[in-house]
1. For residue 160 and residue 211, FRET efficiency with R0 = 22 Å and r from the beta-carbon atoms, rounded to 0.05?
2. Between [x] 17.4; [y] 19.6; [z] 21.3, which matches Kirkwood radius over Cα pairs in Å calculated for the structure shown?
3. Mind checking the full-extension length gain between residue 31 and residue 104? Use 0.36 nm per residue of separation minus the Cα-Cα distance, one decimal, nm.
4. For the range 96-208, what log10 I(q)/I(0) values come out of the Debye formula at q = 0.16, 0.18 1/Å, with one point per alpha carbon and no solvent?
5. Going highest first, how would you order 192-201, 174-183, 154-163 by mean Cβ packing within 10 Å?
6. With labels modelled as points extended 7 Å from the Cα through the Cβ direction, what inter-label distance (nm, one decimal) is found for residue 124 paired with residue 2?
7. Nearest 10 degrees, 0 to 90: what angle lies between the long axis of helix 11-26 and the longest principal axis of the chain (Cα atoms)?
8. Take every Cα pair under 8 Å in the range 34-91 that's 6+ residues apart, average their separations, divide by the length, and report that relative contact order as a whole percent.
């Protein structure tokens, strides 16, 4: 079995530990060493049965002593990016896929991704590194998803959609076929994107409109 550490001891980190437990129920795969988090109030404490072992900077020592892989359980793409950049020599970012996820064999998923329960990823879709797909996301055919994208629960991404680097899609949002959400842009929860969204914009509503430049 492979030893793994979860970076981030917040709510999503605990959900990721649960995801790993579900993987192990299907086929014993991982030993969870614990969490890493820079919150000093959490270090040394038990969180859902796993200890917060130390700050994020402890990763290299853990990898040296345990040959551990790691996953970054932070929904904020900027924080995920910062953490990955802290460890340029570390190459054991684990991709976690829940056993209930339905993924076409013709689609590809990069390193360090988290694909939660009841996701559906259709054919010929390419997903980059460090992407989070929370519960019950539907991803259509022929989509292109760049690195560090965060897709929250219940979101529907239609066919031929492009999601730029660091894009964020809020819970239960929808992107209609063929549209693009630009780099570092944010789509509010429940919104419906019917037009392309340029880089560094926030949109919200039905249909989605720009709320911040």
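1. Here the calculated transfer efficiency is 0.30.
2. [x]
3. Residue separation times 0.36 nm, minus the Cα-Cα distance, leaves 23.5 nm.
4. Reported log10 I(q)/I(0), two decimals: -0.59, -0.76.
5. Averaged packing, sorted descending, gives the order 154-163, 174-183, 192-201.
6. 3.0 nm
7. Taking the Cα atoms of the chain, the angle to 11-26 is about 80 degrees.
8. So the answer I get is 25 percent.
The numbers here are math on the coordinates, done by the rules we state, and not lab data. Every value quoted in this text rests on a predicted model; they were computed, and no experiment measured them. Using ideal geometry, Cβ is built from the backbone for each residue, glycine included, and neighbour counts are taken over all protein chains shown.
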